[in-house]
Structures are given as C-alpha cells and as structure tokens.
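Student: First, the structure itself, so that you have it in front of you.
The values are calculated or read from the model by the stated rules, or taken from the named source; none is laboratory data. Here the structure is a predicted model, which is why all the values come from computation and not from measurement. We place every Cβ from the backbone using ideal geometry, glycine too, and count neighbours over all the protein chains shown.
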Amino acid sequence: MVINSIAEILNILTAFLSLFFAFYLLSLKSENRSSNVLISFYLIIGAIDSATVLSGQLISPYYPGFALLLNTSLFLSPPLLYFYICSVTYEDFRLKGKHLWHTLPFVIAILLLSPRFYLADFDKKIELLRASDGLIIEFKLVYLLLHAQATAYIIACYIVILRSKKLLLENYSNGNVNYYNWLITLITLIAIEIVVSTFKNALMINDLDELYEIAMTITGLSALLFICWLVIKALKTPELYGRVDSKQLLVKQLIARSPRKATPAAVDKESYEALIKLKSHMITKAPYLEPSLSIYDLSKQLNLPTKELSILINHNLNQHFFDFVNEYRIKKAMEILADASKSDLTILEILYEVGFNSKSSFNTAFKKYTKLTPTQYRKQYST
C-alpha cells in the first residue's frame with residue numbers, strides 16, 4: 001500500500017477515528033440504543049468514504065464492482081443522519097418498513113451505473129475506474145444526485161430540530177434546550193462539510209487536478225477536525241430530557257384550527273377568566289414543583305382543554321409554557337437562596353426542590369431571569 005499525499009493520511013486518520021467511535025457507541029448500554037446504532041452506521045459509512053485510498057489499492061484492483069458499491073453506500077448516510085435526529089428528538093420515533101423509501105436514491109444510483117459498469121466485464125470496470133479522459137456521464141449524474149440528496153436531508157434535519165425544540169418549549173416544563181442547540185451545531189458542521197465536498201467533487205469532474213488535490217487536503221483536515229470535535233462533545237453530551245411527541249401540534253397549528261382567532265393583544269372575557277384561574281392555581285397549588293409537569297398535566301388540574309390552555313399561555317401571554325413554568329421555579333429558588341436560614345442547602349438541592357432536573361437548565365434559566373448565577377445571587381441577597 002502506497003500513501004502519496006497529506007490528504008490521504010488525513011483521510012485514513014479520519015476513517016480510523018470514525019470506526020473507533022462507531023464501535024465504541026455500539027458497545028454502550030443505553031436507553032437510546034437505537035440512536036447509538038443509527039449514528040454508528042452513519043460514522044461507519046463515513047469511514048468507508050474516507051478510506052477510499054485504501055479501497056482503491058486493496059479492493060478496486062481485484063473487486064471493482066464491490067469497491068464502487070462500497071462508495072455508493074454513501075447514499076445511505078443522509079437518511080441515517082435524519083433518522084438519528086428524529087430518534088433523539090421524538091420519543092415516539094421507530095424505524096418501520098415504510099422508511100425503506102429513503103433508500104430510493106441508493107437504488108437509483110445502482111440502476112444508473114448498472115448498464116455500463118456493473119453489467120460490464122472485469123476489464124471494462126477497471127478501465128472506467130481508471131479512465132484518464134474524465135468520468136463517464138453516469139458517474140457525474142451519481143455525484144450530482146448524491147449532493148442534491150445530502151442538501152435535502154440537511155434541510156429536513158434542521159426542520160425536525162427546530163420543530164421539536166418549539167414543541168418542547170410549548171408543551172413541557174423540563175428538558176435541556178441546550179441539547180437542541182448542540183444538534184443545530186452538529187448539522188451546521190455537517191452542512192459545511194457537504195459544501196466543501198461539493199466544491200471538491202466539482203473540481204474533480206472538471207479535471208482540475210491541482211485544485212482538486214488542494215481541496216482534498218482541506219476536506220480531509222476538516223473531516224478529521226469534525227470527528228475529533230464529535231468524539232469530545234459526545235463524552236460531555238447532556239442527557240436527553242423531554243423528547244417530544246411528533247404527533248403534537250404547534251400552537252400556530254392549533255390557532256389555525258380554532259374557531260376563535262386569539263391574538264396576544266386581545267384577550268376575551270372567557271380567556272381572561274381562565275388566565276386568572278391559571279395564575280391563582282400556580283400560586284396556591286405550586287404545580288411547577290413537579291419536574292415532569294407538562295401542559296397536558298396542567299390542563300387536567302385546571303379542567304381546561306389542553307388546546308385552549310396552550311393557546312392561552314403560548315400565544316395570549318406571548319410566553320412559552322417552558323418559560324412560564326420555569327419563571328415560577330426561579331422565583332421560588334430566589335426565595336430559598338435569599339433565606340439565610342436555608343444557607344445549608346446546596347444549589348443542587350435547591351434546583352431539585354423547585355422542580356428542575358438539570359443543573360445546566362437551572363443555571364441557564366436562572367441567569368436569564370436574574371442576570372446572575374445562583375451562587376452570585378445568594379451572596380448578594382442572602383440576609
């Protein structure tokens with residue numbers, strides 16, 4: 001085996017790290033086993049793509065059809081990423097037979113390449129792979145299809161993340177919003193990788209060899225840095241709190257289906273009475289102390305339809321249910337922190353007492369509301 005460039009070294013390192021991380025995730029015992037499996041196979045396919053230099057020397061000369069099939073498996077990567085995002089955001093997500101249609105681009109690529117490549121004899125396959133006068137039109141079409149597919153799935157991932165985050169804020173009082181921000185960062189970095197890869201392949205298709213080698217080095221370095229970042233972040237990834245039900249409707253959808261078109265500025269008499277009832281209940285019964293409180297739970301306590309309560313809080317009050325409940329929790333925490341007789345309570349004990357189940361969520365919400373950390377607030381206001 002001969003390694004001819006820095007780009008090839010970077011790609012081999014990326015492939016090794018991807019495989020190492022993938023098998024590490026597969027070995028973990030976790031409640032989110034399906035999520036780990038999905039991202040592991042995504043990493044394995046990425047490793048196959050990065051290790052093209054190895055397959056080009058160890059497999060292509062002897063099994064050219066199998067080597068190209070391995071490279072074509074890259075079409076399965078975007079659906080795996082999309083399924084992973086769905087699995088870590090929607091609690092009711094399960095892989096089903098209907099999801100097989102996501103393999104359609106992979107099948108189309110195989111069919112495109114079959115007449116002149118897969119059905120050709122061994123010598124013809126080798127000739128096509130090593131052609132010095134450019135790629136045949138089928139290869140170019142496959143590259144175009146691959147990048148179009150990747151772009152479509154990146155957009156789909158953004159939609160799922162933003163929608164599930166919105167559902168969390170509108171319907172749940174617990175959950176780690178920062179986790180959704182982490183997912184957005186993950187998809188953004190992958191999108192950047194796709195843009196760089198698209199530019200690289202455009203240079204290859206147009207036979208711009210010198211620029212292609214430079215682009216290969218940049219792509220290899222960015223892929224290696226991405227995998228290193230992913231490994232480091234995964235070791236510190238927050239737990240998954242409050243994954244949402246994908247069948248739930250967003251408030252704007254509820255309003256569209258409601259006979260009354262409520263606006264934040266105008267609250268009718270019925271809504272006003274419900275609002276008084278809601279605020280009285282929050283003060284006297286303190287339901288916010290329940291960590292898993294959802295808008296469904298609160299609607300049952302108030303004997304109000306969930307849809308109406310959701311519109312009342314998320315739309316009429318112009319405040320997400322998540323923030324609405326956490327504001328009461330923060331006020332309760334402020335009382336405890338300012339009480340010198342309770343100075344023996346730790347911050348962790350206080351956050352659990354007021355209904356939070358995550359230190360990071362508590363600190364973020366507390367600082368958002370008071371502009372101070374819990375420790376700073378205790379030092380400044382404890383009497």
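Student: One residue is enough: does segment 353-360 have a residue meeting the conditions closer than 25 Å to Gln248 by Cβ, crowded, with 19+ Cβ neighbours inside 10 Å and modelled with pLDDT under 90?
Tutor: Looking only at segment 353-360, we keep the residues that are closer than 25 Å to Gln248 by Cβ, and these are 355-358, 360.
Adding the requirement that they be crowded, with 19+ Cβ neighbours inside 10 Å leaves 355-356, 358.
With the extra rule that they be modelled with pLDDT under 90, the set shrinks to 358.
For segment 353-360, residues closer than 25 Å to Gln248 by Cβ, crowded, with 19+ Cβ neighbours inside 10 Å and modelled with pLDDT under 90: present.
Student: Quick check on Ser30: is it in a helix (DSSP H, G or I) and polar (S, T, N, Q)? Before the answer, list the steps.
Tutor: On the way: in a helix (DSSP H, G or I): no; polar (S, T, N, Q): yes.
No.
Student: Just checking, which of Tyr377, Tyr296 is of a type in the set (Ser, Thr, Tyr) and within 21 Å of Gly175 (Cβ to Cβ)? Quick ask: steps written out before the conclusion?
Tutor: On the way: Tyr377 fails: within 21 Å of Gly175 (Cβ to Cβ).
Going through Tyr377, Tyr296 in turn, just one is of a type in the set (Ser, Thr, Tyr) and within 21 Å of Gly175 (Cβ to Cβ): Tyr296.
Student: Inside segment 272-369, counting only helices (runs of 4 or more DSSP H) that do not spill past its ends, which hold 3 or more residues that are in the same structural domain as Ile255 (by TED's automatic domain parsing) and of a type in the set (A, V, I, L, M, F, W, C)? Working first, answer last.
Tutor: Working: elements: 295-302, 306-311, 321-338, 347-353.
Once the helices (runs of 4 or more DSSP H) in segment 272-369 are filtered for at least 3 residues that are in the same structural domain as Ile255 (by TED's automatic domain parsing) and of a type in the set (A, V, I, L, M, F, W, C), what remains is 295-302, 321-338, 347-353.
Student: Right, something else. Pull up segment 239-254, narrow it to residues that are surrounded by 15 or more Cβ atoms within 10 Å (Cβ to Cβ) and more than 15 Å from Ile295 (Cβ to Cβ), then point me to the one that is modelled with the highest pLDDT.
Tutor: The extreme case among them is Ser246.
Student: Residues Ser164, Ser197: which one is part of a helix (DSSP H, G or I), over 19 Å from the mean Cα position of the chain (by Cα) and either within 30 Å of Ile295 (Cα to Cα) or in contact (Cβ under 8 Å) with a residue 24 or more places away in the chain (or both)? Working first, answer last.
Tutor: Values: Ser164 fails: over 19 Å from the mean Cα position of the chain (by Cα).
Sole residue among the options that is part of a helix (DSSP H, G or I), over 19 Å from the mean Cα position of the chain (by Cα) and either within 30 Å of Ile295 (Cα to Cα) or in contact (Cβ under 8 Å) with a residue 24 or more places away in the chain (or both): Ser197.
Student: Give me the pairs: first residue in segment 356-378 and touching a residue at least 60 places away in the same chain (Cβ under 8 Å), second residue part of a helix (DSSP H, G or I), beta-carbon distance under 7 Å, and six or more apart or on different chains, which are they?
Tutor: Phe356/Arg329; Phe356/Phe362; Ser360/Asn178; Thr364/Asn178
Student: Shifting gears a bit: If you scan segment 65-80, which residues turn out to be farther than 19 Å from Leu112 by Cα and surrounded by fewer than 23 Cβ atoms within 10 Å (Cβ to Cβ)?
Tutor: Correct list: Pro79, Leu80.
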